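Questions regarding the structure given below will be posed in turn.
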Amino acid sequence: MVLVSAARDYVNRMLQDISGMKVLILDSQTVSIVSVVYSQSELLQKEVFLVELVDSISKSKESMSHLKAVYFLRPTLENIQHLRRQLANPRFGESHLFFSNMLKDTQIHILADSDEQEVVQQVQEYYADFVAIDPYHFTLNIPSNHMYMLPAVVDPPGLQQFCDRIVDGISTVFLALKRRPVIRYQRTSDIAKRIAQETSKLMYQQESGLFDFRRTEISPLLLIVDRRDDPVTPLLNQWTYQAMVHELIGIHDNKVDLSSTGKLPKDQQEVVLSSEQDAFFKANMYENFGDIGMSIKRMVDDFQQVAKSNQNIQTIEDMAKFVDSYPEYRKMHGNVSKHVTLVTEMSKIVGERRLMLISEREQDLACNGGQVAAFEAVTNLLNNESVSDIDRLHLVMLYALRYEKESPVQLMQLFNKLASQSPKYKPGLVQFLLKQAGVDKRTGDLYGNRDLLNIARNMARGLKGVENVYTQHQPLLFQTMESIIKGRLRDVDYPFVGNHFQQGRPQDVVIFIVGGTTYEESRSVALQNASNSGTRFILGGSVVLNSKRFLKDLEEAQRIAKSSTNVV
C-alpha cells in the first residue's frame, strides 16, 4: 500500500481543508500522478467540479471568481511562467499552490511578485513527484526514455534533463517514505552511476536538512540499475494478466485504450485496470492466462445469479431493494464486461499471432541451453509465413543475446534471413542491441551460467519439469532481490556512493531501473513482498515497458547514434 497511500494522502490533504467549490489545475505530469490514486467520483466528493490543465487555463479569459483554484504542479520553469501570467490576471476567487517537489527560492520570489492582488492563500511542497501505479511499483513516464542508451560521446543536450527528472522522482519517493537511504549502483553503467551520485549529492549535501529524518538502525537501500543488464525480460511475451494486457494491448496510467478493438460502446473504449479500484483485478492480476479464464467464468456466473434475482421483482419492497442495490449492480455489470472484453481481445491476438508456439520458443531461449536446437527452432519460425515480423525480430534478438559468442556464423545467417523476410526491419538493430546490452556490457548473471548455485538450480528444474512452460522465465531482478535478502550483493559489482556501507540486511529497498520496468518485474516484487522475508521492496523506473516501447527506444537511440558524426 505504501506508495499509493502516500500519494493519496497528499491529494487528500490538498483538497479537504479548502471548503467550497473548487477547480483542480494540473500539468501534463501531475495529471498522471493524481489519476492513478484518485478517481473522478472521489474528486467530486471533495467538491472538485472542474479539472483543468494549466496550459489550457492560460488561454481562457472567463472569470470564475466563485471557484477556488487548487494548483498541483511540478516546479518547472514552464509552470512558474504559466502561474505568473495567471496570478497577474486572476480568474479565480482564491489560489492555493501545491508543488510536487522542492521549489527554488527564486521561484518563490517570482510567485510573490506576481501575486499583486493577493489571491494566493498558501504555497506548499507536497512530495509526490512519481506515478504510483501499484502499491510497490512507481514510474516517472519520461517521454525521452531512449536517452539512457546513448553512448557517452554523444552526450545529447536532453540527457541532463533526463537525469534531473529521475533524481527528482527518486528523492520524493524517499521524502514520502520519510527516510534517507544508502545508495548503490550498477558498476558497468555510466548513467546509473551518474544518477546515483547526483541523488546522493542532493540528499547528503544540497538538501541534507530536508532528508534528516530520525535514524533507523539500518538505513534503507536505494539500488540504481540499468535496463540493459536484463534486455531479455522486456522482449518476452507475457502470460500473467496485468503483464499480458500491457504487452498485447497497452496500459498507460492504469488505463487501457480499447477504441481500436472494434465496435465497443463509448463508455467501454477506455477502461481502468487498478488494483485499488477493482477487487477482481487485485485478486487476479498476477495469475496466468489459463486461470484467468476460469475466474472470469465464475464472475460471469455470479453476475447472472444477481441478474436473475433482480428480474424477480413482485412487491414494492422488492422494487426498493433493487433500487438500493442498483449502483452496485451497475458496477458489477461494468466490471464483468470489462474483463470479458479484455480476455476476448487477448485470446484473439494470441490466436492470430500464434503466440503459444512462439512463446514456448522464447522461453526456451531465455531459460534453457542448447544452441543447435535453438538455431533450428528459430530458423523454422523465421521461415513460417504465419509468424509476424515483430515476433521474428524478438526471436532473433533473444537468440543473439544468448548465443552471441557461441555461433557468430549462424548468427549472421539469422540476421540475413531476418533482413530478407521482414521488410520493415531496420538493418543493424540486433547488432545495436548487442552493442548496448551484450554479454560484455552486463553485470548480472543473466542466464545463470556463472554461479554454481544457479547451475544446480537449473539442473533441478530440468529434472522436475516446469509447472508452466510459458511462465518459467524469472527476471534478473528476482536474483538481485535474493542476493540483497541474503546479504550477497557484491560491492565490486554494485559499489556504494560516498563512504557509506551497510551492515545487516535492509528492511526497505527501492530498486530503480533506468530505462524502465516491466510488469513481470513488478509481479516478482509483489510476490517477494508477500513472502514476508523481512525486507520490503519497491520497484521504480523511468517508464513501464512492453516489447513495443523497448524496441521504439532502441530504434530511436540507434538513429541518434548513427546521425551523430562524432561517434567513434
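The values are calculated or read from the model by the stated rules, or taken from the named source; none is laboratory data. Just so we're clear, the structure is a prediction, and the values are computed from it rather than from any experiment. Neighbour counts run over all protein chains shown; Cβ positions are idealised from the backbone, glycine included. Accessible surface areas use protein heavy atoms only, side chains included; no ligands, DNA or RNA. Shrake-Rupley method; radii C 1.70, N 1.55, O 1.52, S 1.80 Å.
Residues with amide H under 5 Å of Val120's amide H, sequence separation 5 or more or different chain, H placed in the peptide plane at 1.01 Å from N; which?
Answer set, sorted by chain and number: Ser95.
Could you work out what % of the accessible surface of region 166-210 is carbon and sulfur, using a 1.4 angstrom probe and leaving DNA, RNA and ligands out of the count?
It is 40 percent, rounded to a whole number.
For region 330-400, with all protein chains present and a 1.4 Å probe, just round the carbon and sulfur fraction of the accessible area to a whole percent.
55 percent
I'd like to know which of Gln558, Ser5, Gln421 lies farthest towards the positive end of the charge dipole of the chain, counting +1 on Cβ of Lys and Arg and -1 on Cβ of Asp and Glu.
Result: Gln421, furthest along the dipole toward the positive end.
Amide H to amide H, which residues 5 or more places from His137 or on other chains are under 5 Å from it, using H placed in the peptide plane?
The list, which skips near neighbours in sequence, is Leu539.
Hey, another quick one. Collect residues whose amide H, placed 1.01 Å from N in the peptide plane, falls under 5 Å from the amide H of Arg536; neighbours closer than 5 in sequence don't count.
Excluding prolines and chain starts, which carry no amide H, the hits are Asp508, Val509.
Ok, one more. Over the heavy atoms of Arg559, what accessible area does a 1.4 Å probe trace out, to the nearest 10 Å²?
Counting only protein heavy atoms, the figure is 130 Å².
Follow-up. Under a crude label model (7 Å from the Cα following the beta-carbon direction), how far is Val51 from Gln305 in nanometres?
About 3.5 nm, to one decimal.
Still on this structure, please answer the following. Rounded to the nearest 5, what % of the DSSP beta bridges within the chain are antiparallel ones?
Bridges in the chain are about 20 percent antiparallel.
Kindly provide the trypsin sites (Lys or Arg not before Pro) of region 227-295 that DSSP labels as loop, not H, G, I, E or B, and whose Cβ sees at most 14 other Cβ atoms within 10 Å.
The qualifying sites are Lys263.
What ranking, highest mean first, results for peptides 3-13, 435-445 when packing means the other Cβ atoms within 10 Å averaged over each residue?
3-13, 435-445
Under the Karplus relation 6.51 cos²θ - 1.76 cosθ + 1.60, θ = phi - 60°, what is the ordered set of whole-Hz ³J(HN,Hα) values for region 173-190, x standing for Gly and Pro?
Each residue's phi maps through the Karplus curve to give 4, 6, 5, 5, 7, 6, 9, 10, x, 8, 10, 10, 8, 6, 4, 7, 10, 4 Hz.
Also, I was wondering about something else. Starting from the Cα of Ala530, step 7 Å along the direction of its Cβ; do the same at Gln371; then give the gap between the two resulting points in nm.
4.0 nm
Here's something else I'd like to know. For region 66-77, in order, what is each residue's ³J(HN,Hα) by Karplus, 6.51 cos²θ - 1.76 cosθ + 1.60 with θ = phi - 60°, in whole Hz (x at glycine and Pro)?
Going residue by residue, I get 6, 9, 9, 8, 10, 8, 10, 9, 7, x, 8, 4 Hz, with x marking Gly and Pro.
Something else: Just the accessible area for Phe415, please: 1.4 Å probe, Å², rounded to the nearest 10?
Using a 1.4 Å probe on the heavy atoms, I get roughly 20 Å².
Are there GluC sites (Glu not before Pro) in region 355-456 that DSSP puts in a loop and that have at most 15 other Cβ atoms within 10 Å, and which ones?
Glu385, Glu406
Right, here's the next one. Dividing the convex hull volume of the alpha carbon atoms of region 114-227 by its residue count, what do you get in Å³ per residue?
Roughly 168 Å³ of hull volume per residue.
Enter the accessible area per residue of the chain (Å², integer; probe 1.4 Å; all protein chains in place).
Dividing the accessible area of the chain by its residue count gives 47 Å².
Through the Karplus equation 6.51 cos²θ - 1.76 cosθ + 1.60, θ set to phi - 60°, convert the phi angles of region 373-389 into ³J(HN,Hα) values in whole Hz; use x for Gly and Pro.
So the Karplus estimates, Gly and Pro as x, are 5, 5, 4, 5, 5, 5, 4, 4, 6, 5, 7, 7, 4, 7, 8, 6, 4 Hz.
Beyond 19 Å, what share of the Cα-Cα pairs of region 509-568 is found? Please give it as a whole percent.
Everything past 19 Å amounts to 47 percent.
Can you check what the net charge comes to around Ile18, using other residues whose Cβ is under 15 Å from the Cβ of Ile18 (Lys, Arg +1; Asp, Glu -1)?
Overall, the nearby charge balance is +1.
Evaluate the Kirkwood expression for the hydrodynamic radius of the chain, namely the inverse of the mean inverse distance over all pairs of different C-alpha atoms, and round to one decimal in Å.
Hydrodynamic radius (Kirkwood, Cα pairs) of the chain is 26.0 Å.
Which distance in nm do the two modelled labels at Lys282 and His109 give, with both placed 7 Å along the Cα-to-Cβ direction?
Label at Lys282, label at His109, 4.9 nm between them.
With charges set only on the Cβ (+1 for Lys and Arg, -1 for Asp and Glu), what does the dipole of region 39-167 come to about its Cα centre, in debye to the nearest 20?
240 debye
How big is the dipole moment of the chain about its Cα centre under a simple scheme where the beta carbon of each Lys and Arg is +1, that of each Asp and Glu is -1, and everything else is neutral? Debye, nearest 20, please.
I would put it at about 1040 debye.
Let me ask you something else. Of the accessible area of region 1-50, with the probe set at 1.4 angstrom, what percent is carbon plus sulfur?
51 percent
If you put +1 on each Lys and Arg Cβ and -1 on each Asp and Glu Cβ, how big is the dipole of region 18-89 around its Cα centre, in Debye rounded to 20?
Approximately 200 debye in magnitude.
For Asp113, tell me the accessible area in Å² from a 1.4 Å probe, rounded to the nearest 10.
Surface open to solvent at Asp113 totals about 110 Å².
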